[in-house]
Structure formats: structure tokens, C-alpha cells
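Undergrad: Structure in C-alpha cells, see below.
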Amino acid sequence: SWEPETFKVLDSYLSKDKDYLDIGAWVGPTAIYGSFLSRKVIAIEPDPIAYKILQKNIFLNSIKNIDVLNKAASRLDQVFLQSSKFFGDSMTRVSEKNLGSNATETVGLDTLVSMGDFSLIKIDIEGHEFSLIKEYISVLNSYKIPLLLSVHSPFFANGDTLMEDLLNDLSKVKSILDENGEEVDRKNIPNSFGSYLFIW
């Protein structure tokens, strides 16, 4: 019953002859599900506690086709983690500002997309999506891999501007589908939490 619309997208876009890139894999619900539908899964999770639980869940399910990276997706060499209440709770956020602790290694989106032949990229990174998309829009436009993106603009005081910039960055996509799989006009996408499927 958890995020059924997400699993519908996985059902529709994953296939056994292609790979799946899960950025912000948390403890593994989408990565593990995707492993049964894909040739290979690359799962990215910077949260140290979620990463350990993800590894344990993969082991307990005897899954062999998931590669896990305990890194954050970013153009920078190092970013910083900030938990909402505690690490592992699915709300850990990445900050480019030096918070004095919880520094973590990174991997570029360009490197990630070169690691497989992906039929879908899922990005759910608690607000860091705005800078990540801007940094790598040329990569996304080049590879044209369908992108399931969770947006978190209400986390920011300038959320309206961030959403507007994000949609401008993704101006080359041919269609945008909402959580119900219905096509939406980019002009009508609100400043709110939600997931959208961007198709080139």
C-alpha cells in the first residue's frame, strides 16, 4: 500500500533487458521491487543508517543484482547530511553548505548514467533535486531516460521559484505525467510535494 503510484511506474518502465537507477533508495522498497523487474539496479543512498538497512534487506531477500553506493548524487566532491529527526527515517537531506559534520562522498549523475543501460531513473532526494537537475540537465537531455522525480518545494521559502526553474530546466521533455499517470501542463504544476514522470 506504500506509494502504489510509484510501483505502477516501475511496472510500466522496467524490463529484464534494461537497468534501473534508483537515486535516494532509502531502505530499499523501490530498489528491491525493481530488482525483480530489471537486469540490474544501481541504488544510491547517502544516509548511513538507511544504507545499512538497505544492505541487510538486500541480503535477507537473497538479491544479487543490486549495486549499492553509500554516496550522494552531486557535482561537488563532498556534501553534508542533515537528518529531520534521526538518520534512517527517509527524510535525510543533502546540503551543499558545510554543516560541520556528517560529510559524505558524492557521485556525479553523469557517472551514474554511464554505469548501465537504464530504462528509468528515479530521484527522491528530499529537496536536493533542484540543484541536481540544474547541474546535470545536459546529461538528462542527452540520455533521454524517463525520469520519475519527487519534488519537495515546500521545504523552501522560495519554493515557487525553485519549481519554476526546475520546469524551465526540463523544458525539452515531451510530456509530464502526474502520480495518476495523466499528462499535465507544466503551467499547472503547483508548488507542492509530488512525483512526476518526465518523458523525453
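The values are calculated or read from the model by the stated rules, or taken from the named source; none is laboratory data. Values in this document were obtained by computation on a predicted structure and should not be read as measured data. So basically every Cβ, Gly included, is an ideal-geometry build from the backbone, and we count neighbours across all protein chains shown. The protein model used for the area step is the full one, side chains on, heavy atoms only, and it has no ligands, DNA or RNA in it. Shrake-Rupley method; radii C 1.70, N 1.55, O 1.52, S 1.80 Å.
Undergrad: Multiply the residue gap between Thr111 and Asp89 by 0.36 nm, knock off their C-alpha separation, and tell me the result in nm, one decimal place.
TA: Working: separation 22, 0.36 × 22 = 7.92 nm, distance 2.72 nm.
In short, 5.2 nm is gained.
Undergrad: Quantify, in whole percent, the carbon and sulfur part of the accessible surface of the chain (1.4 Å probe; protein heavy atoms only). Before the final figure, lay out each step's value.
TA: Working: 4820 of 9880 Å².
Accessible surface attributable to carbon and sulfur in the chain totals 49 percent.
Undergrad: Another question, if that's okay. Using a Gaussian network model of the chain with C-alpha springs under 10 Å, which one of Arg39, Arg93, Arg186 is most mobile by mean-square fluctuation?
TA: Judging by the Gaussian network model, the answer is Arg186.
Undergrad: Loop-only chymotrypsin sites (Phe, Trp or Tyr not before Pro) in segment 44-129, please: DSSP not H, G, I, E or B, and at most 12 other Cβ atoms within 10 Å.
TA: On the way: sites: Tyr51, Phe59, Phe80, Phe86, Phe87, Phe118; in loops: Phe86, Phe87.
Within segment 44-129, the qualifying chymotrypsin sites (Phe, Trp or Tyr not before Pro) (loop, at most 12 other Cβ atoms within 10 Å) are Phe86.
Undergrad: Ok, one more. Take the Cα radius of gyration of the chain and divide it by 2.2 N^0.38 Å, with N its residue count; two decimals is plenty.
TA: Details: Rg = 15.8 Å, N = 200, 2.2 N^0.38 = 16.5 Å.
Against the empirical 2.2 N^0.38 Å value, I get 0.96 for the chain.
Undergrad: Strictly over 23 Å apart at the Cα level, which of Lys52/Lys85; Lys40/Lys71; Lys40/Lys174; Lys56/Lys144; Lys16/Lys174 would you flag in this model?
TA: On the way: Lys52/Lys85 18 Å; Lys40/Lys71 18 Å; Lys40/Lys174 27 Å; Lys56/Lys144 33 Å; Lys16/Lys174 25 Å.
From Lys52/Lys85; Lys40/Lys71; Lys40/Lys174; Lys56/Lys144; Lys16/Lys174, over 23 Å: Lys40/Lys174; Lys56/Lys144; Lys16/Lys174.
Undergrad: Rounded to the nearest whole Å², what accessible area per residue is found for the chain with the 1.4 Å probe? Write out the running numbers ahead of the final one.
TA: Numbers: 9880 Å² over 200 residues.
I get 49 Å² per residue for this part.
Undergrad: Enter the accessible area of Met163 (Å², nearest 10), with the probe set to 1.4 Å and all protein chains included.
TA: 10 Å²
Undergrad: Once each part is reduced to its C-alpha centroid, what is the distance from segment 135-200 to segment 29-51 in angstrom?
TA: 22 Å
Undergrad: Say R0 is 25 Å: what FRET efficiency, to the nearest 0.05, do Glu183 and Lys144 get from their beta-carbon distance? Don't skip to the end; give the middle numbers.
TA: On the way: r = 18 Å, r/R0 = 0.70.
In this case the efficiency is close to 0.90.
Undergrad: While we're on this one: Select from segment 127-200 those GluC sites (Glu not before Pro) which occupy a DSSP coil region and have at most 11 other Cβ atoms within 10 Å, ordered by residue number.
TA: Glu182
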